[in-house]
1. Between Cys105 and Arg8, what is the label-point separation in nm under the 7 Å Cα-to-beta-carbon projection?
2. If you place +1 on the Cβ of every Lys and Arg, -1 on the Cβ of every Asp and Glu, and leave all else neutral, what size is the dipole of the range 3-105 about its Cα centre, to the nearest 20 Debye?
3. Using the Karplus curve 6.51 cos²θ - 1.76 cosθ + 1.60 with θ = phi - 60°, work out ³J(HN,Hα) for each residue of the range 66-76 in order, rounded to whole Hz, and write x for Gly and Pro.
4. Can you give the net charge of the other residues whose Cβ lies under 15 Å from the Cβ of Ala65, counting K and R as +1 and D and E as -1?
5. Can you list the HN-Hα couplings for the range 54-60, worked out from phi with the Karplus curve (6.51, -1.76, 1.60; θ = phi - 60°), rounded to whole Hz and with x for Gly and Pro?
6. How far, in nm, would the chain grow between Arg39 and Asp84 when pulled straight, counting 0.36 nm per residue and subtracting the alpha carbon separation?
7. Would you calculate the separation in nanometres between label points at Ala97 and His49, each defined as 7 Å from the Cα along the Cα-to-beta-carbon direction?
8. Work out the length of the dipole vector of the range 20-64 about its Cα centre, built from +1 on the beta-carbon of each Lys and Arg and -1 on the beta-carbon of each Asp and Glu, and round it to the nearest 20 debye.
Amino acid sequence: MSDADLHRDLQRVRQVYRRKLPGKLDQLEALLREAREQRQFEAARRLAHMLKGTSGSYGLDEFSADLSQIEEGLDRLHEGTQRDASAIWQEIEHALARAWDRLGCPQKGRRPPRSGGAPDGDS
């Protein structure tokens, strides 16, 4: 296998991975809503961690950095090391919006609901 063949195959694998990312971000959004409503952070943190690592492996460094910020925010919320949970959720929402933008998918008002499960009124 030549270097050109290897490069072409790696590009194909990267494209397949990238096509799956919108579905993975949808999953992450659902888990973030659950985390916010029920204070159950582990499933969302695990998915953010997995996406951060695989995205970095495929060279999607900025996307990976966004997922890292989400993971770190969830860690801080879980540990309770900061009193201002709303500021942490805002950081998570911004990182999620940037991740959507990097995929070329406008966020269209998607964001985890505010505390108490009430939506933000962006409908």
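None of the figures in this text is laboratory data; all of them are computed from the coordinates on show. Keep in mind that what you see is a predicted model, and the values were worked out from it rather than measured. Quick reminder, even Gly has a Cβ in these numbers, built from the backbone with ideal geometry, and neighbours come from all protein chains shown.
1. 2.9
2. Numbers: 17 positive and 19 negative charges, 64 e Å.
So the dipole magnitude of the range 3-105 works out to roughly 300 debye.
3. For the range 66-76, the Karplus-derived couplings read 4, 5, 5, 5, 5, 4, 5, x, 5, 4, 5 Hz, x marking Gly and Pro.
4. On the way: positive: Lys52, Arg98, Arg102; negative: Asp61, Glu62, Asp66, Glu71, Glu72, Glu91, Asp101.
Net local charge, Ala65 excluded: -4.
5. Once θ is set to phi - 60°, the couplings for the range 54-60 become 5, 5, x, 5, 8, x, 8 Hz.
6. Details: separation 45, 0.36 × 45 = 16.20 nm, distance 1.45 nm.
Using 0.36 nm per residue and subtracting the Cα-Cα distance, I get 14.7 nm.
7. Label-label distance for Ala97 and His49, simple model: 2.8 nm.
8. Details: 8 positive and 7 negative charges, 26 e Å.
For the range 20-64, the charge dipole is close to 120 debye.
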